[in-house]
């Protein structure tokens, strides 16, 4: 096995008492066991060589006697053996499933091949009918495409407009032209003006709302100039403020001066 599931919580709950070197020994032994899928030899020194820990035979002995069982075949790990067997079953099932799919596909291809050989005339007839059907649909679609410049649109503008629609992979139909003409009429534009705007701005379509209308001077005048002969309220307010801020009368000034000279 080149992969095995490692449960961190389960491992720590069973190995928290191990020293650092004992923990490293156990991890290396598990990796070797899963990779080779066979028991360890009975000799401690040989195990130390296999996991590259020759100077830590004492740690190997501790791990073996706590987590492994010795048999005639060598030291085995029951939990690892279960995981290896489970992985083998999954692998075999996957192989059988793939084989079944392959056989099914092969048999289906054979049936298709046999049917094709058995009815060549009918197949050729169906192919001809399908071809005719496609040709008819293609002709029908071409009829819906506008190829002549609409009335009031110059050849140059029409050519530029259709080229842009072509680059954008958008067809030019009577419905498209009618929609643009309808939107243009909302702002008193001609169809040609709308098409020129589309070409200039790189638009695929046209909406009256996309055009910013110029400000009407008459509307500005109506909003700012008073509609009656009455005095502007703003000027009336200025006169009122002026009265409130006027200097005191002479008698008041004289009284203030008298008080200050005492």
Please verify whether region 197-220 includes one or more residues that are over 35 Å from the mean Cα position of the chain (by Cα) and modelled with pLDDT of 90 or more. no
Filtering region 146-173 down to residues that are assigned to a loop (DSSP other than H, G, I, E, B), in contact with a strand residue (DSSP E or B) (Cβ under 9 Å, 6 or more places away or on another chain) and surrounded by fewer than 17 Cβ atoms within 10 Å (Cβ to Cβ) yields 146, 171
Take the conditions more than 18 Å from residue 15 (Cβ to Cβ) and touching a strand residue (DSSP E or B) at 6+ places or on another chain (Cβ under 8 Å) and apply them to residue 74. Does it pass? yes
Verdict on residue 14 being in a helix (DSSP H, G or I) and surrounded by fewer than 17 Cβ atoms within 10 Å (Cβ to Cβ): yes
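The values are calculated or read from the model by the stated rules, or taken from the named source; none is laboratory data. What you see is a predicted model; the values in this text were computed from it and never measured. Cβ coordinates were reconstructed from backbone atoms using ideal geometry, including for glycine residues, and neighbour counts include every protein chain displayed.
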